[in-house]
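The structure appears below as structure tokens.
The values are calculated or read from the model by the stated rules, or taken from the named source; none is laboratory data. Worth saying up front: this structure is predicted, and the values here are computed from it rather than measured. Don't worry about glycine lacking a Cβ; one is built from the backbone with ideal geometry, like all the others, and counts go over all protein chains shown.
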Ligand SMILES: NC(=O)c1ccc[n+]([C@@H]2O[C@H](COP(=O)([O-])OP(=O)(O)OC[C@H]3O[C@@H](n4cnc5c(N)ncnc54)[C@H](OP(=O)(O)O)[C@@H]3O)[C@@H](O)[C@H]2O)c1
């Protein structure tokens, strides 16, 4: 599978890391990148750096558009002009496929940075989900984690808020835990970080043993105990609403971005 990234920043780099771990060769990945610092780090990974104009003469199974929303439409027009038959995939948040110059040739993908560890969760949408482009995209993202094919493009906004932005919300919550732990483990910050790493990964181990958060909570909680006291405080302070509001704010912003283009 030969692929090209137009824009090789955070998300492209996460996908590339996962693909390399999955056995894809660096020689099969080409990058078009204008940021000199990033170009240097891509070269260190033995990735091919090519010019935008090379799209006219090179064949790729998929060209991945991975630039910020403000750069997306002009970049897609360039792809369309230089390689009118290419399968193009957009990683850009908030821009619907009808905004691009060739909507029926675009696959939209919304991955998260966990692709770097091959534990990504990627939503895919295209008008034609039987197309070779969609199948190639499905195959590619399956190499770096899980794929969820959406039936309706509008669902991309909610997905972005939960799995994309939502990953950062959990980081924010976990950072509060870490800061509290560091207050106690004040003399050994490194040990606190290492303990915390196991603490986080044990959450995933627990969930893989029993995929029900209520029963996991019940194994920790005893009537009238410390856990119950803390949980009641969370409930009183409306934790559910705080998180639902954050999901809603991210979803609303995603819709706003799509209307700004
Ligand atoms: N980060 C995430 O977790 C994530 C998850 C899902 C989707 N996305 C989407 O993925 C897209 C990229 O996000 P990101 O966080 O990876 O952004 P980023 O780190 O800023 O990477 C984009 C890179 O593309 C370069 N670029 C822009 N236009 C270019 C052009 N015409 N030719 C060559 N290089 C160009 C940028 O250079 P400059 O620095 O010079 O602008 C930058 O190095 C966004 O649209 C975002 O919505 C991101």
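Numerical summary
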quantity: From 182, 127, residue being under 21 Å from residue 258 (Cα atoms) and at pLDDT below 95; calculated: 127
quantity: Counted residues, the range 5-55 - those being closer than 22 Å to residue 83 by Cβ, assigned to a loop (DSSP other than H, G, I, E, B), in contact with a helix residue (DSSP H, G or I) (Cβ under 7 Å, 6 or more places away or on another chain) and more than 11 Å from the ligand (Cβ to nearest atom); calculated: 1
quantity: Unmet criterion (only one of (1) under 23 Å from residue 57 (Cβ atoms); (2) touching a helix residue (DSSP H, G or I) at 6+ places or on another chain (Cβ under 9 Å)) for residue 77; calculated: (2)
quantity: Positions within the range 78-120 being more than 14 Å from the ligand (Cβ to nearest atom) and either more than 24 Å from residue 19 (Cβ to Cβ) or not assigned by TED's automatic domain parsing to the domain that holds residue 67 (or both), in sequence order; calculated: 84, 98, 101, 102, 103, 104
quantity: Of all residues in the range 57-74 being surrounded by fewer than 20 Cβ atoms within 10 Å (Cβ to Cβ) and near the ligand (Cβ under 10 Å from one of its atoms), the one that is farthest from residue 15 (Cα to Cα); calculated: 74
quantity: Close pairs from the range 1-17: first at pLDDT below 95, partner surrounded by fewer than 24 Cβ atoms within 10 Å (Cβ to Cβ), Cβ under 6 Å, at least 6 apart; calculated: 1/61
quantity: Residue count, the range 138-172 (criterion: away from the ligand (no atom under 14 Å from the Cβ), in a helix (DSSP H, G or I) and exposed (fewer than 13 other Cβ atoms within 10 Å of the Cβ)); calculated: 1
